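Visitor: The structure's right below; bear with me while I get my questions together.
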Amino acid sequence: MQDTERRPGVPGPRTTPPRDTARTGRRSTALSTRARTRLAAGTLLAPFFALFTVAMIVPVGYALWLSLFTEKQSGLGFDGPRTVFDGLGNYATALGDQAFRDGFWVLLGYCAFYIPLMGGGAIVLALLLDTALARARRFFQLALFLPHAIPGLIAALIWIYLYTPQLSPVVAAMEAGGFGFDFFSSEGTLPSIVNIALWQWLGYNVVIFYAALQAVDRSLLEAATVDGAGNWRIAFSIKLPLIRSSLVMVLLFTIIGSLQLFTEPLILSRGSGSAVTSTWTPNMYAFGAAFERNDYGLAAAASVLIALVAAVLSFVVTRFANRRKEARR
């Protein structure tokens with residue numbers, strides 16, 4: 001007979017839990033960890049989604065709803081205007097208006113000037129900052145970024161003063177040098193607005209590119225220098241390919257910002273003899289429809305069309321950048 005009594009001081013036989021019990025315990029621990037992670041993520045993201053809903057989803061939904069209605073006079077007009085459902089009538093009116101369509105041609109010309117100058121200038125300045133002395137970097141960063149700290153309205157007013165003949169020292173110096181240029185003419189309006197936008201936003205994009213260049217691994221640059229690569233080769237073969245994501249982001253934001261062109265031409269249109277009209281850009285067309293003609297349905301439809309164009313261009317730029325990235329792999 002086997003002795004089952006345990007002697008004093010001798011440990012008893014080790015008992016191990018069944019495998020099913022151990023697996024269940026590990027599974028419950030993993031589920032509780034996932035639940036806590038999801039709860040923490042939901043708690044942190046809840047303020048963002050709440051603000052996004054209030055500031056973006058609700059206004060866009062209201063604009064879509066508003067664009068489906070229009071105001072019409074009832075009877076002989078003695079009862080005042082009444083709001084009626086118009087379906088896509090406001091969209092047809094906006095697309096059929098020559099002034100609204102011409103605004104997109106103006107934006108196309110603006111982008112043709114503004115985007116290459118903005119992108120190329122910001123890249124060149126950021127590369128120069130990346131190779132400059134440490135003391136000069138801080139000075140030029142502040143000098144380039146300072147115009148962006150000035151509100152767009154104030155910047156436009158400053159440049160209108162500099163564009164106005166008999167007031168501007170810039171125009172006086174140009175005339176003294178035998179070079180006359182009317183910044184408010186039909187030929188000078190677009191370069192004038194591009195110059196204001198460049199002055200305000202160039203430093204902002206320089207800071208973005210410079211921050212991306214600072215994140216580049218310096219060992220790669222040192223290895224390229226040891227192999228005999230010059231500054232131009234290092235800049236275009238190493239630095240720029242490594243900050244491609246920042247380039248795409250700036251290009252995307254620049255395109256979206258160009259479609260939102262409003263403040264500079266609106267202020268410039270207040271100048272004497274300016275060629276800028278109240279429908280010079282699509283945003284100005286929507287603004288005039290809402291606050292000058294009180295046609296809120298047409299203004300909402302025009303705004304939705306502008307948003308659709310911005311969404312399509314954003315998709316095209318992002319898709320093109322992703323394809324180029326996959327092709328290089």
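The values are calculated or read from the model by the stated rules, or taken from the named source; none is laboratory data. Since we're looking at a predicted model, the values are computed, not measured. Ideal geometry is used to build each Cβ from the backbone, glycine not excepted, and the neighbour counts take in all protein chains shown. Accessible surface is based on the protein model in full, side chains and every heavy atom, while ligands, DNA and RNA are left aside. Shrake-Rupley method; radii C 1.70, N 1.55, O 1.52, S 1.80 Å.
Visitor: So which residues in the stretch 214-233 are under 15 Å from ASP130 (Cα atoms) and among the charged types (D, E, K, R), if there are any at all?
Guide: Within the stretch 214-233, ASP217, ARG218, GLU222, ARG233 meet the criteria.
Visitor: Could we say that LEU129 is touching a Leu at 6+ places or on another chain (Cβ under 9 Å), assigned to a helix (DSSP H, G or I) and surrounded by 13 or more Cβ atoms within 10 Å (Cβ to Cβ) here?
Guide: yes
Visitor: Counting only residues that are open to solvent by less than 20 Å² (accessible area, probe 1.4 Å) and either under 30 Å from PHE85 (Cβ atoms) or at pLDDT 90 or above (or both), give me the helices (runs of 4 or more DSSP H) lying completely in the stretch 184-299 with at least 3 of them.
Guide: 189-214, 244-259, 282-291
Visitor: Can you name every residue in the stretch 100-112 that is open to solvent by 30 Å² or more (accessible area, probe 1.4 Å) and either of a type in the set (Ser, Thr, Tyr) or more than 18 Å from the chain's Cα centre (by Cα) (or both)?
Guide: ARG101, ASP102, PHE104, TRP105, VAL106
Visitor: Still on this model: Looking only at the stretch 65-86, filter to residues that are open to solvent by less than 80 Å² (accessible area, probe 1.4 Å) and among the hydrophobic types (A, V, I, L, M, F, W, C); which one of those is modelled with the lowest pLDDT?
Guide: VAL84
Visitor: What pairs come up if the first residue lies in the stretch 148-171 and is without any contact (Cβ under 8 Å) to a residue 40 or more places away in the chain and farther than 14 Å from ILE196 by Cα, the second is among the acidic types (Asp, Glu) and not in a helix (DSSP H, G or I), and their beta carbons are under 9 Å apart, counting only those six or more places apart or on different chains?
Guide: These pairs meet every condition: PRO165/ASP182.
Visitor: Next question, about the same structure. Could you list all residues from the stretch 230-261 that are touching a Leu at 6+ places or on another chain (Cβ under 9 Å), under 16 Å from VAL316 (Cα atoms) and among the polar types (S, T, N, Q)?
Guide: Passing the criteria: only SER258.
Visitor: Next question, about the same structure. Within the stretch 191-211, can one find any residue that is small (Gly, Ala, Ser), closer than 27 Å to SER303 by Cα and either touching a residue at least 12 places away in the same chain (Cβ under 8 Å) or in contact with a His (Cβ under 9 Å, 6 or more places away or on another chain) (or both)?
Guide: Looking for residues that are small (Gly, Ala, Ser), closer than 27 Å to SER303 by Cα and either touching a residue at least 12 places away in the same chain (Cβ under 8 Å) or in contact with a His (Cβ under 9 Å, 6 or more places away or on another chain) (or both), one finds at least one in the stretch 191-211, hence yes.
Visitor: Looking only at the stretch 146-179, which residues are under 30 Å from PHE236 (Cβ atoms) and surrounded by fewer than 16 Cβ atoms within 10 Å (Cβ to Cβ)?
Guide: Matches in the stretch 146-179: LEU146 only.
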